[in-house]
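Since the structure comes first, as structure tokens, the remarks are kept for the end.
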Amino acid sequence: MEKSTQLPKTIKVFNFAKKEVNLHGEYKIANVPRVSDLARNNEDNLKVNLSFHLENGKTPCVKGIINSKIVLDCQRCLDALNLDLKVFFNLAFVRYESQAEGLDKVYEVYVLGEDEEINTLDLISDELLLSLPMAPSHKFDCSLKVESEIKVEKVHENPFDVLKNIKIADFGKE
Ligand SMILES: [Zn+2]
């Protein structure tokens, strides 16, 4: 068993699995490709655990956990949406799709082709993106909140002022 606090840049799949390597490390969200484009909290860290082993004595596998708090834009109200993510994944690395036959269904199959190594950050990024909601939005109906705020304005303000505001808002969108 080897331990490391700094994750290597690339994962040597066969080598790590044979040695049953355990890796722990942290990444700044800013350094995680694609995820950093979506997140508002790029200065925060995510924690990664990777444990490698050989399945059936021949297929390299990794069990991974990514812990992260990610702040996205809510697609409905555009406010910050806090997600507390704990992503678990089980990957089995094969050269060809056919080698995945007979593997436990718990494993997601990762086809390596001729590659011996994979980029660690790309792997983390892929798994994290898969776990993000397609259209992130608040659990409560945040569109209702916006509507009720407009109603309050209508009660307190001159109705013509409200109309003016709506027109300005519409122009801004176009
Ligand atoms: Zn929202």
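Every number here is computed from the coordinates shown, using simple stated rules; none is lab data. None of the values given here were measured: they were computed from a predicted structure. Neighbour counts are summed over all protein chains in view; Cβ atoms, including those assigned to glycine, are modelled from backbone coordinates with ideal geometry.
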*Could you please rank TYR96, TYR27, placing first whichever residue has the fewest other Cβ atoms within 10 Å of its Cβ?*
TYR96, TYR27
*So which GluC sites (Glu not before Pro) in segment 24-68 pass both tests, a DSSP loop state and at most 12 other Cβ atoms within 10 Å of the Cβ?*
GLU43
_Sort PHE52, PHE140 by Cβ crowding within 10 Å, fewest neighbours at the top._
PHE140, PHE52
*Among TYR96, LEU7, VAL32, whose Cα lies farthest out toward the positive end of the dipole of segment 3-137, if unit charges sit on the beta carbon of Lys, Arg (+1) and Asp, Glu (-1)?*
LEU7
*Within segment 56-93, report the trypsin sites (Lys or Arg not before Pro) that DSSP leaves as loop and that have at most 15 other Cβ atoms within 10 Å.*
LYS58
*Fewest-first sequence of SER51, SER143 by Cβ atoms within 10 Å of each Cβ*: SER143, SER51
